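Note sheet for the following structure.
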Amino acid sequence: MRRVLWPALRKPRLAPSRQMLSLVEQFVYLLIIVFGLHQVVRVVAPGVLLFDDIFFLFYWLLGIYFAVRLVSATADWYLGVLAPRFDGTTHEKVVSPIKYILYIVIFALAAIILMDFFGITGTALTTSLAALGVTTLVVGLAAENIINDIITGLVIRVDQPFRPGDRIEILELNTWGDVQEVGWRSTRILTRDKRMVTIPNSLIGKNLVTNYSIPDKFFRVETDVAVAYGADIEVVRQLIQEAVEEQDWVVRDRPIQVLLWEFRDTGVLIRARCWIEDYVDTRIVVDQLNTAIYRRLFERGFVSGPVSDIALHTAEGEEHREGA
């Protein structure tokens with residue numbers, strides 16, 4: 001077998017591994033040996049059913065052992081031969097749960113075969129399955145959230161909306177930080193205040209997640225400036241543009257925008273936008289941006305102050321309002 005069959009199987013590009021072939025070879029040899037012994041015992045002690053039961057258990061254990069070993073060897077072969085041919089890093093995270101699911105299927109089938117051989121059927125089997133079904137229902141209801149977390153965790157690992165090291169924001173949960181670990185039940189995020197937040201995966205699956213690391217770490221910062229009515233808007237635009245361009249942290253090959261954004265009671269709202277190289281520096285950059293714009297506009301007298309609504313009460317009970 002080793003000289004004739006194995007070389008032919010190993011010629012294809014995706015040939016099975018040596019470990020897989022060796023397992024099949026061992027299984028065939030042991031099966032032949034056990035079957036031969038079984039036939040010898042039948043000849044020496046014919047009609048003894050006990051020996052048939054014993055040899056069935058040998059076959060049963062042999063099948064379980066080699067089925068489990070073959071699944072493990074196939075998983076290793078996939079990760080070593082097929083996985084490198086595809087892009088992505090999710091193979092190990094996906095293969096592992098599939099392997100354990102196959103283990104469960106193997107043991108479930110083995111249990112069914114064993115019960116069928118020994119005649120555990122009819123009322124006894126129905127009662128056992130009913131009890132198992134009730135137990136499974138109770139456990140399922142009790143562990144519903146855990147199961148949802150695990151399933152969502154598997155989806156996150158496959159779909160990869162974010163990876164460890166990415167900075168994400170979960171809007172509905174008001175959580176913003178760097179992903180530290182994506183586990184089966186939860187995801188750990190380190191906030192910008194250096195606090196570790198553990199969020200169940202089921203909650204992440206139900207909420208909108210913004211990933212600030214994809215497609216790159218370039219990040220646009222913006223700030224609003226209120227300018228009094230009557231100011232020359234074009235001059236204000238130029239001053240803000242110059243103040244932003246002077247900052248060394250501004251990305252030069254991306255546009256700087258100074259937009260007349262909104263009309264308010266206190267004045268005209270102008271929004272300044274620019275790009276930075278890394279979202280990590282957002283807070284510090286916004287402070288520097290605000291400071292630079294404020295200094296430039298304050299020197300030219302363009303920053304408006306607050307508008308108050310003052311109510312004056314006269315002796316006659318009349319009310320007079322003045323804007324201040």
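The values are calculated or read from the model by the stated rules, or taken from the named source; none is laboratory data. Keep in mind that what you see is a predicted model, and the values were worked out from it rather than measured. Glycine gets a Cβ as well: all are built from the backbone with ideal geometry, and neighbour counts include every protein chain shown.
Things to note:
- Condition met for Gly88 (under 30 Å from the mean Cα position of the chain (by Cα), at pLDDT below 80, part of a helix (DSSP H, G or I) and exposed (fewer than 14 other Cβ atoms within 10 Å of the Cβ)): no
- Some residue of region 190-204 being in the same structural domain as Val285 (by TED's automatic domain parsing), in contact with a Lys or Arg (Cβ under 6 Å, 6 or more places away or on another chain) and either assigned to a strand (DSSP E or B) or closer than 30 Å to Ile147 by Cα (or both): no
- Of residues in region 205-227 being at pLDDT 85 or above and part of a loop (DSSP other than H, G, I, E, B), the one farthest from Arg254 (Cα to Cα): Asn207
- Identity of the residue in region 228-283, of a type in the set (Gly, Ala, Ser) and not in a loop (DSSP other than H, G, I, E, B), that ends up surrounded by the most Cβ atoms within 10 Å (Cβ to Cβ): Ala272
- Qualifying residue in region 286-293 (condition: in contact with a helix residue (DSSP H, G or I) (Cβ under 7 Å, 6 or more places away or on another chain), outside any strand (DSSP E or B) and among the small types (Gly, Ala, Ser)): yes
- Of all residues in region 170-189, those satisfying the criterion of being farther than 19 Å from Asp149 by Cα and buried (at least 16 other Cβ atoms within 10 Å of the Cβ) are Trp176, Gly177, Asp178.
- Scanning region 147-194 for residues that are of a type in the set (D, E, K, R) and touching a strand residue (DSSP E or B) at 6+ places or on another chain (Cβ under 8 Å) returns Asp149, Arg157, Arg163, Asp166, Arg167, Glu169, Asp178, Glu181, Arg185, Arg188, Arg192.
- Restricting region 203-251 to residues that are under 22 Å from the mean Cα position of the chain (by Cα) and of a type in the set (Gly, Ala, Ser), the residue that is nearest to Gly165 (Cα to Cα): Ser213
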